[in-house]
Every structure is written in structure tokens, then in C-alpha cells.
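These notes concern the structure reproduced below.
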Amino acid sequence: MTLTEFFGKFKSWSLWGNLLAMAATVLVLAVGFKFGLDVYTHHGESIAIPKLLHKNIEDAQDIADNLDLEIEVVDTGYVKRLPPGCILEQSPAPGERVKSGHIIYVTINAAHSPTITLPDVIDNSSLREAMAKLTAMGFKLGPPQFIAGEKDWVYGILVNGKHVVYGDKVPVDAKLIIQVGNGMRDMNDSVNYIDPVYHEEENTDGSNDVDEFQEVKEPPVEPAPPAPEVAPEPPVEPAKQ
């Protein structure tokens, strides 16, 4: 093919027609894609998030439906003064601008106070150890109650005046009273005394056991011999005158 023939093809109307058709097709596709993307993403659309705090979940759902928004419960909490099903938290916050179909995540109030399992601290830890473990788990503690026993040793836990034990479910808003020893023994405690047992020492040399401290007996006292008899002297006669 000569150069004249090659450049002559560019003068063909069919070639230019095909090129124009391809360009028009690309342009239509680009415009259509942009328009479809704007429709899909709701370009230019903006909806203000309503304030749903402290509203009942059913009422909040109706408000969201009217604004073409959605609500999803992600967590529960407990506030004693608020009714069950009341919204405690929401995200996004009220007033934020979103597109239609956006999801509002909420936390609602539970019907009952959540509970926590009591750990093994009774008769197994000191006062300081028990307080650290219980507070870390979220329990509320009142002033400890001192009773007779080993000093600073945990002997029991009271909830509303009743004893609880390891494994019991305790409401998180309940106040725990730890019973701890005051270092003094209860006067009612009984003490058993055992008499000591003395064992006689065995004589290993085979000799008879002899008491080192033998009783010393005094020799019998013999009676003294009778005194010899003395003959009486003859009477003396008076002199004659």
C-alpha cells in the first residue's frame, strides 16, 4: 500500500462516521454512569438526624420511617428512673446531615437491672483484694462491716441485708457490704484444750529403771539402857546428950 492510498482512506466518510459513533457512545455511557451514580448515592440530598433520646423505641421508629431513615438497636443499658425501651444513646447525633436510608444506631433502656456474677472472694481474700476485684467488675460497695475474726479477712457479703455467695447473680446497681474480721475472737467461740501426754523414756542399756531421787530412810532409834539402881543411904541417928 502506497502512502497515497493510506492517506486516501482518511477521506472516507465511512471511517469518520464510525469514529463519531464510537465517541457518541462513550459520551452517552459517561453521562449515564454519572447520572445513575448520583441517583444511587442521593447526590445533593441531605436529611437532618432527629433527636430520639428518651423516646420510646416504637415512636422513634415511626419518626425514622417518615424521614426515610432506619433504626438499629445495638446495645442495652439501665437507668432506673427511665421506662423500659427508652432510647439512651444514638449515633449519629441529632442535627447531623445524612442521606436517606442512613442507619441510626441506638441504645435502649433494659426492663430489669443487669446482673453480674459474684466472684470467689468470700473466705478467700483480704479486704483490699476483694474491694479491688469487685470495683473492677462494676459493683458498688458500701462501708465494710467489721465482725469478730481474723483481721482484714473477708467472711461474707451482704446485699440488701441478705448474704450472697460465690456464683450468685447480683444487680449492678445494688450496694455490697463486705463483712471483714476486726482481729478479735468471738467470746462464744469454744476452744478445745487437749491434755499433754507424757511418754516414759525407754531404757536402752537394759538396766532397770532407778529413780534418781530415792527416799532416804532414817535408821531406827534404839531405846536407851535403864539407869543403874542406887542403894539408899542409911538414916543418920541424932547424937545423945
Placed amide H near Gly156: partners under 5 Å, 5+ positions off or other chain: Asp123, Gln179
In order through the stretch 153-159: 3J(HN,Hα) via Karplus (6.51 cos²θ - 1.76 cosθ + 1.60), integer Hz, x for Gly, Pro: 9, 7, 10, x, 9, 10, 10
Gyration tensor (Cα) of the stretch 89-175, equivalent ellipsoid semi-axes in angstrom: 41, 13, 10
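No value in this document is a laboratory result; all are computed from the given coordinates. These numbers come from a predicted model, not from an experiment.
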